[in-house]
Each structure stands twice: as C-alpha cells, then as structure tokens.
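Shown next, in structure tokens, is the structure this report addresses.
The values are calculated or read from the model by the stated rules, or taken from the named source; none is laboratory data. It should be emphasised that the depicted structure is a prediction, and the values quoted were computed from it without experimental measurement. All Cβ positions, even for glycine, are placed from backbone atoms using ideal geometry, and neighbour counts span all protein chains on display.
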Amino acid sequence: MTVFNEHASWPDDHHDHDSALTVNPGIEQPPTVDTASLQRFLSRKRKPLMLSEYIDGILGGNRTILSRAITLVESSLPEHAQMAQDIVERCLPHSGKSMRIGITGVPGAGKSTFIETVGGYLTSGGHKLAVLAIDPSSERSKGSILGDKTRMEELSADPNAFIRPSPSSGSLGGVARKTRETVFLCEAAGFDIIFIETVGVGQSETAVHSMTDFFLLIQIAGAGDELQGIKRGIMEMADLITVNKADGSNLEKAQLAQAQYQSALRLFPKPVSGWEPQANICSAITRLGIDKIWDAVQQYERLTKDNGYFEQRRKQQAKYWMNETIRNSLVRHFYNHPDIEALLPEYERKIAEDRMSSFAAARALLNEYFRASSIRHPSKI
C-alpha cells in the first residue's frame, strides 16, 4: 500500500505512472475584491460644498444636495451648526409657499400606507410632495427603527416625491429637533406640499401642530376605550379626522365610527380659524375617500387665507419656535457647562441619598451656573 505524503513534491511531468490520476496546474483565480473599483469608490469621497453650492443646488431642486443640507441641519456637531444656519437663512426668502400638513394617528392606523396612497394621488395631479417621516429612535443606537422610506416603496420611487425619514433622537415626543428648518429647505427646493408624519404615541402632536397649517388625525374603527385619553387631546387639535381601513367587512364599522367622531367634534368649541372640523372615512387600499380628504384641505386653505387666519397662525408659529429655540439653547448650554458637568453627579448623589431636596440642588446648580457664566441671575430662582 502506498501512503501519500502531503509534503512531497510532484514529479516534473505531474504524472504518477502507477495511477490514472492527472493533476493540471490550473488557472490563477481572480481576486475576490475588485481593487480598481474599490480605489474609484474611495477616491469619490464627498468633498465639502461651499454655501453657494448648497443654495444653488437646493433652489435648483437637486435632491442629493437637499439631503446633504438636511443632514447638516440635523447634525449635532458644532462645526456643522454655522453652515446649517447660513443655509436656512439663505433659503428662508424662498420658503413659505407650501401647504404644511401634520399627520398623526394611533399605531396600526395605517399612516404609511395612507401617506403613500394620498401622495401618489397628489403627485399624479402635478404636485411636488415632501414627506418628513419622524421615526422613533432606538434608545441604544439613536437611529431610526421603523424606516418609513422602506414602507413607502412606490412613493419613494416617484420623481415628484421626496421622503426623508429622520430619527427622533430622543427629543420630546419623538419630534425631530430640526424638522421646522427642514420644512424651509424643502419649500425652497420647490415642494408645494409638506407632510409631517408623527410617531403617533400621543406626545409629539402638539409640536407638529405648531409647525403645520392643517392637522389630520387618522383613526381606525374599534381602537378601544384605552385610547380615549390620547384621542381627546388630539381631537381638539384636528382639522380633519378620517377613519382609515374602511373596506370589506370593516366598512360599516368605519361608518359608525365616523358618525361618533362627528358628534364628538360638535361638542368642542369652534376653532378661531372659523373652520368646522370634519370626520370622514377612507381606505388607503381601495382609495375610497382620498379625493374628499384633499378637497377638505383645499377648502380649509381657501377659508383661512380669505379670513387672514392662515398668515396670522404662521406668524404665531414663528414666535413660538423662537422662544422654543431660546429655551432649548439655554438648557443645552447649562448642561454642557464644564462646571455644571463636574458638579452634577455630586448633587445627584445627594438627592439619591436624601441629603438634599431636588429644589435645593437645582437652586445651588443654577446659582453656580450664573456665577461661573458671569450672568446676573434673577433674585428668585
């Protein structure tokens, strides 16, 4: 018996005369990575754009540059803040010509399917639509965990639609911190309808209501009494309530829910806009009632522009967001102050060990902040 030695070398002619086995040299295998393509990819690293390039690109409707500008606006890096502010300021004179619509609803109401159906209806009519879909953030990675763009496949491929999913990044109620500035950029890029979709957990609606012209609440039949606490507050803000999924065997239930919501709306005080909120039914699958929803939006727009409420509300919103920005900036400056960062853990321990009250700790930290910042603090804190 012949034992093969794996370390032995083959004869020059690569033949074993005692065997029918023939070993050929074979061919050299290509590399698993295309090095030329890799080098081209690495060489295409995006170069920073000048302010004028951002502005020209946005005003020209360049979506790639618009996306890059929105990324700057959403960035929390200090080196991006000034450029983002300059971009927004330069785009501001070209904004304000869209209809801003807030869309919210309970989880499972079919908001994404609804937006895709209504979006297709609008773009087929010649409108340009931007959808700012606020995703809830992962508490660990701070990234989006729903991915609205992947759930609106047809609309994301529509040349007249622009979808921007943004993680809420832990901000109040899941509203992205820079959504309002993003609206200005989208308007400057030529989008005449802006949808802002909320997370729909009952916390972010107030903020979205304060940056939109029309507020749409999507409901479903048989949501349950456990959501009444959420629905009451939201219903008072809604300009239109639509009961979605009104198709098949669910149609009668949707019609009954519509009648109930319409009756409930009559109990609320009449809005200062002069508009009487409505309730209707729709189906994002069969497209039932989609045209009526857009008719209601247009009626609202005509009414509020004629009576002056539309412009008045936008001015009020601008003041609100100025004050909100001041509050957020002061809070951020307080917690980022090096002296406060050093003292905060100590005061947190004192509170946890019941050696100091929360109010006394807050007063001490604020006094230290005013002293360290050379700010003349108020007599009462």
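Do any strands (runs of 3 or more DSSP E) lying entirely in segment 204-308 carry at least 1 residues that are closer than 17 Å to P107 by Cβ and within 26 Å of the chain's Cα centre (by Cα), and which ones are they?
In segment 204-308, 214-220, 240-244 are the strands (runs of 3 or more DSSP E) which contain 1 or more residues that are closer than 17 Å to P107 by Cβ and within 26 Å of the chain's Cα centre (by Cα).
Which of the residues that make up segment 112-127 are under 18 Å from the mean Cα position of the chain (by Cα) and either among the basic types (K, R) or farther than 22 Å from T182 by Cβ (or both)?
T113
For segment 56-145, list the helices (runs of 4 or more DSSP H) that sit wholly inside it and hold at least 3 residues that are modelled with pLDDT under 95, among the basic types (K, R) and in the same structural domain as A238 (by TED's automatic domain parsing); which are they?
none
I'd like to check something: does segment 351-361 contain any residue that is in contact (Cβ under 8 Å) with a residue 12 or more places away in the chain, outside the structural domain of V208 (by TED's automatic domain parsing) and over 30 Å from G96 (Cβ atoms)?
Yes; the residues of segment 351-361 include at least one that is in contact (Cβ under 8 Å) with a residue 12 or more places away in the chain, outside the structural domain of V208 (by TED's automatic domain parsing) and over 30 Å from G96 (Cβ atoms).
Among the listed residues R287, R332, R327, R349, identify the single one that is surrounded by 13 or more Cβ atoms within 10 Å (Cβ to Cβ) and not hydroxyl-bearing (S, T, Y).
It is R287.
Which of the residues that make up segment 298-350 are closer than 28 Å to G96 by Cβ and among the β-branched types (V, I, T)?
Hits for segment 298-350 are T304, T325, I326.
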